[in-house]
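See structure below.
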Amino acid sequence: MHARDIMTSPVITARTDTAVLDVVQLMLDNAVSALPVVDDKDVLLGLVSEGDLIRRSELGARDYSSWWLAAIGGKVRLAEEFVKTHAMRADDIMTRDLVTVNEDTLVWQIAETLEKHKIKRVPVVRDGKVVGIVSRANLLQALAAQRDQATRAPSQDDRDLRDKLLNSLSQEPWSDLPHLNVVVQEGVVHYWGRVHSEEARQALQVAARAVPGVVDVVDHTHKTVTLF
């Protein structure tokens, strides 16, 4: 099984000049914990995660780290910390030194990468552009999909089915595709993520069964809770 078989795609992104508060709103609206930052040609430049935002000055957090930052790194580290807590644009707070994988990276290699670098997700890139994200949750979803199937790697047929289904869903405005992940194992489509309504859940079932070669559909999605 490879990154292409389990990654979430398409990916919600921010631009370099996206305001930090708009980044926060995008993360909340889409229930994600990180956003890739891309340039005007969609080339991946960095990543903004929850960790980059929790010490923001808007939260009124006191900077207890100043004394040890000054002791260890001097004024340079203090300046870096000031940028993180006060910057107004995504490109000023994003992590630039990124670890990435490609679509053919094996799942076990992705797991090792997450563990080695102590990160929660990794962008999947093609020619410098982000085409997906694999998170710890995606790895668990892949394991769960294999539980009821023979534990073998997805065949080319499975990949073709996944590609056809994702292409079909990308044409439908109701699909909320960035909030879904699709895993296909031995012709069985597994949906993960969140849906906005029972009607959308039913439509996903219909869309999957309309793809020739799909033998069954298993729904693991949860419905978005509307507070207002």
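Each value in this text was obtained by applying a stated rule to the coordinates, not by laboratory testing. Predicted model, so just to flag it, every value in this text is computed and none were measured. No Cβ is skipped: glycine too gets one built from the backbone with ideal geometry, and neighbour counts run over all protein chains shown.
Extension gain for the segment residue 22 to residue 88, taken as residue separation times 0.36 nm less the Cα-Cα distance, is 22.8 nm to one decimal.
For residue 218, the residues 5 or more places off, or on other chains, whose built amide H falls under 5 Å of its own are 189, 190, 191.
Under a 5 Å amide H cut-off, with hydrogens placed 1.01 Å from N, residue 46 pairs with 37 among residues at least 5 apart or on other chains. Taking other C-beta atoms within 10 Å as the exposure proxy, 174, 108 rank 108, 174 from fewest upward. Computed from phi, the 3J(HN,Hα) profile of the range 21-37 under the Karplus parametrisation 6.51, -1.76, 1.60 (θ = phi - 60°) reads 5, 6, 4, 4, 5, 4, 5, 5, 4, 10, 6, 10, 9, 7, 10, x, 10 Hz, with x in place of Gly and Pro. One quarter of the surface of the convex hull around the alpha-carbon atoms of the range 152-228 equals 5.1 nm², the direction-averaged projected area. Working note: Karplus 6.51/-1.76/1.60 with θ = phi - 60° gives the range 100-107 the couplings 10, 10, 10, 5, 9, 5, 5, 4 Hz, where Gly and Pro are set to x.
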